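Enquirer: Sharing a structure with you now.
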Amino acid sequence: MSNDTSLLDVRHVTKVFQVGGLLNGTKMTAVNNLTFTIEKNKAEIFTIAGESGSGKTTLSRMLLRDLEPTSGEVLFEGRNVTEIRKRHEFTAFMKKVQPVFQNPFETFNPLRRVEEYLLDTAINFGAAKDRKSAVPVVDKALHLVGLSLEELSRRYPHELSGGQIQRISVARALISGPSLILADEPVSMVDASLRMAIVNLFKKLRDEEGVSVLYITHDLATAYYISDRIAIMLRGYVVEMGPVEAVLGNPLHPYTQLLKESVPAPNPVDKQSWAQRIGLSTQEVKEYGQTGCKFASRCPKVMDICRQADPPDVEAEGRTVKCYLYK
Ligand SMILES: Nc1ncnc2c1ncn2[C@@H]1O[C@H](COP(=O)(O)OP(=O)(O)OP(=O)(O)O)[C@@H](O)[C@H]1O
Ligand SMILES: [Mg+2]
């Protein structure tokens, strides 16, 4: 779909990495022919879920212009982001597309007071001309996450809790008035008890501010709770994508079924146990190399054809599923 109603248009995006030396190394396709669209006038939470190494961060880095796709294109408001080269265009792009990272402490300079950093962020994005006029701008962003400048009271990052600092990093992302937030594992370093409070902020931003969120996570519990749509990634491929109620409520792909079963509901899974439970370390190398479906060696329903060629993307029961079972 290419039209001026799309906010983010990811078209057949592929990223191939050269692993090892040029002569004795191999090529690894971290993101394989990904296509999806987030509409402009319909804010939504779109989740990318999948185990470690499935290509989530690589995708996010391409969306942020931090990595260039090997093929395919990323359009933001109709513009190919790879073609953004001039400084003012880049600033304009970053105002609209803002990241929230896994480790909030890396976002903030430990030697600077948090409020000064936030005020300068407002100035740098042209949302205010000096620190004085930046105060209401920053305070508004902090209010959206349930905090205020007063509460920060000249503190340094280490004087704030992990949950507070992650809320502040969401506020930081809001200062420039973005239309899309890319949040890569924003709650994996936050206490399980605080995760819902943070992901709830995304819901609030969607509903009250019209901001769309691309939520990258291992955590199916929070994903189920907040997302509108979800894409399940495996070894660079999207194996199932559609409304979250369809995909997680009634998963069709055997891999999605396994992921769902391995969530010890209602607690969100942590990254380590997730990877262990599905035997990631032993399978990882093998799967990237194997022909056909990357899940074939672990799939309880594997058929001969699965090992011969990439499965097709099939439209079934209101979602897209990459699996021969539904052909
Ligand atoms: N710069 C790079 N050079 C070579 N390989 C890379 C590079 N960046 C990522 N990869 C590889 O690409 C694959 C996908 O990595 P990526 O970080 O996108 O996964 P992920 O889904 O974000 O994993 P996690 O859940 O652990 O964050 C991995 O096998 C990784 O080793
Ligand atoms: Mg990652």
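Enquirer: Where Lys and Arg each count +1 and Asp and Glu each count -1, what net charge lies around M196 among other residues with Cβ under 14 Å from its Cβ?
Expert: Numbers: positive: R167, R195, K203, K204; negative: D191, D219.
Counting the neighbours of M196, the net charge comes to +2.
Enquirer: Per residue, how many Å² of accessible area does the chain show with a 1.4 Å probe?
Expert: For the chain, the per-residue accessible area is 46 Å².
Enquirer: Also, I was wondering about something else. For the chain, what's the relative contact order in percent, using C-alpha pairs closer than 8 Å and at least 6 residues apart? Before the final figure, lay out the partial values.
Expert: Values: 594 pairs, mean separation 61.1, N = 327.
Worked out over the chain, it gives 19 percent.
Enquirer: Let me ask something additional. Write down the radius of gyration of the chain and its Dmax, each obtained from C-alpha positions, in Å.
Expert: For the chain, the Cα radius of gyration and maximum Cα-Cα distance read 20.4, 68 Å.
Enquirer: Take each of the peptides 238-251, 296-309, 138-151, 11-24, average the number of other beta-carbon atoms within 10 Å over its residues, and list them starting from the highest.
Expert: So the order, starting with the most tightly packed, is 238-251, 138-151, 296-309, 11-24.
Enquirer: Could you work out the local net charge near F90, counting Lys and Arg as +1, Asp and Glu as -1, over the other residues with Cβ closer than 13 Å to its Cβ?
Expert: Around F90, the surrounding residues sum to +4.
Enquirer: In deg cm²/dmol and to the nearest 500, what is the mean residue ellipticity at 222 nm of the chain if only DSSP H runs of at least 4 residues count, each as -39500 (n - 2.57), divided by the residue total?
Expert: Dividing the helical sum by the residues of the chain leaves -10000 deg cm²/dmol.
Enquirer: Right, something else. Please name whichever of S193, V100, V145 sits farthest to the positive end of the charge dipole of segment 99-202, dipole taken about the Cα centre and charges placed at Cβ: Lys and Arg +1, Asp and Glu -1.
Expert: V145
Enquirer: Could you give the nm distance between label points at V19 and T5, where each point is 7 Å from its Cα heading toward the beta carbon?
Expert: The two pseudo-label positions are separated by 4.1 nm.
Enquirer: With θ set to phi - 60° and the Karplus curve 6.51 cos²θ - 1.76 cosθ + 1.60, what are the ³J(HN,Hα) couplings of segment 95-110 in order, to the nearest whole Hz, using x for Gly and Pro?
Expert: Residue by residue, segment 95-110 yields 5, 8, 10, 10, x, 10, 9, 4, 9, x, 5, 7, 6, 9, 6, x Hz.
Enquirer: When the accessible area of the chain is computed with all protein chains present and a 1.4 Å probe, what percentage of it is carbon and sulfur? Before the final figure, lay out the partial values.
Expert: Working: 7730 of 15020 Å².
Carbon with sulfur: 51 percent of the solvent-accessible area.
Enquirer: Work through the residues other than F101 whose Cβ is under 10 Å from its Cβ and net out their charges, Lys, Arg +1 and Asp, Glu -1.
Expert: -3
The values are calculated or read from the model by the stated rules, or taken from the named source; none is laboratory data. None of these values were measured; they are calculated from a predicted model. Counting neighbours? That spans all protein chains shown, and the Cβs are built from the backbone with ideal geometry, glycine included. Calculation scope for accessible area: heavy atoms of the full protein, side chains included, ligands and nucleic acids excluded. Shrake-Rupley method; radii C 1.70, N 1.55, O 1.52, S 1.80 Å.
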